[in-house]
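The values are calculated or read from the model by the stated rules, or taken from the named source; none is laboratory data. Not measured: the values here are computed from a predicted model. Cβ sites come from the backbone with ideal geometry, for glycine too, and all protein chains shown count toward neighbours.
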Amino acid sequence: MKHVIVPITLGGGIRTVDDVSKFFLNGADKVLLNTSIYDNNLMSDISDVYGEQAISIMIDYLRSENDQNDKIYINGGSEYKIDLASFFKDYFNHIPCGEVILNSIEDDGTGNGFDFKVIDKIPNNIKNKSLLLMGGAGKAEHIFQGLKCKNISGVVTANLFNFLGTGLEISRKKSIENQINLANFDTEIKI
């Protein structure tokens with residue numbers, strides 16, 4: 001029997017360190033936080049126990065009409081919290097995490113491509129964290145376009161890989177053809 005090891009990030013409803021402990025006891029390698037990132041005590045407690053590298057944060061945002069003050073939402077996108085610029089100015093440096101996922105709410109699930117304009121709105125102080133784009137990947141070109149961005153560490157997609165049978169294989173091939181540094185496998189990917 002062959003085994004594939006895939007790192008698992010679990011999230012949703014995390015409000016206590018006990019919640020995080022349950023996720024790790026059930027196989028998580030990382031936890032994903034959104035609403036709870038504004039609770040400084042909780043974030044410090046999680047980081048003290050598991051380390052910053054075990055924490056990913058999800059920033060769900062909506063673009064503004066004037067393209068200046070994108071708005072961050074929490075609680076599954078139902079509650080406005082703060083504008084993106086203020087988040088990076090007032091909160092970001094106090095949040096212990098190893099990874100930041102920027103999710104464009106209006107692009108998520110559309111397959112129309114990532115919101116690359118948001119990259120220019122990210123201040124330089126984020127460079128010590130991995131930055132991932134999410135929301136909009138619908139074809140292989142979107143993956144390598146995202147991975148070519150200078151300040152982007154990775155991209156996140158579900159639609160492309162879950163609903164298009166060869167999406168992963170095609171995305172890997174196209175990314176490698178476009179000089180994205182990915183591991184080469186000697187065998188075909190079988191899903």
I'm checking my understanding of the structure. Among residues of the range 155-173 that are polar (S, T, N, Q) and assigned to a helix (DSSP H, G or I), which one is modelled with the highest pLDDT?
SER171
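Could you check how many residues of the range 18-38 are aliphatic (A, V, I, L, M), surrounded by 14 or more Cβ atoms within 10 Å (Cβ to Cβ) and in a helix (DSSP H, G or I)?
Qualifying residue count for the region: 2.
Can you name every residue in the range 99-108 that is part of a loop (DSSP other than H, G, I, E, B) and either in contact with a strand residue (DSSP E or B) (Cβ under 6 Å, 6 or more places away or on another chain) or more than 14 Å from VAL156 (Cβ to Cβ) (or both)?
Selection gives ILE105, GLU106.
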Spot the failing condition for ALA183; the list is (1) out of contact with any Leu (no Cβ under 8 Å at 6 or more places or on another chain); (2) part of a loop (DSSP other than H, G, I, E, B); (3) modelled with pLDDT of 80 or more; (4) within 28 Å of GLU52 (Cα to Cα), and only one is missed.
(3)
Just to be sure before I move on: is LEU42 over 21 Å from VAL118 (Cβ atoms), in contact (Cβ under 8 Å) with a residue 12 or more places away in the chain and surrounded by 12 or more Cβ atoms within 10 Å (Cβ to Cβ) in the structure I sent?
yes
Of the conditions (1) surrounded by fewer than 18 Cβ atoms within 10 Å (Cβ to Cβ); (2) under 23 Å from LEU131 (Cβ atoms), ILE72 satisfies every one except a single condition; which number is it?
(1)
Options ILE152, ILE176, ILE191: the member that is of a type in the set (Val, Ile, Thr), modelled with pLDDT of 75 or more and either farther than 16 Å from ILE59 by Cα or surrounded by fewer than 18 Cβ atoms within 10 Å (Cβ to Cβ) (or both)
ILE176
One residue is enough: does the range 68-89 have a residue meeting the conditions among the charged types (D, E, K, R), without any contact (Cβ under 8 Å) to a residue 40 or more places away in the chain and in contact with a helix residue (DSSP H, G or I) (Cβ under 6 Å, 6 or more places away or on another chain)?
no
Out of the range 109-130, which residues are touching an Asp or Glu at 6+ places or on another chain (Cβ under 8 Å) and either outside any loop (DSSP other than H, G, I, E, B) or loosely packed, with under 15 Cβ neighbours inside 10 Å (or both)?
LYS117, VAL118, LYS121, SER130
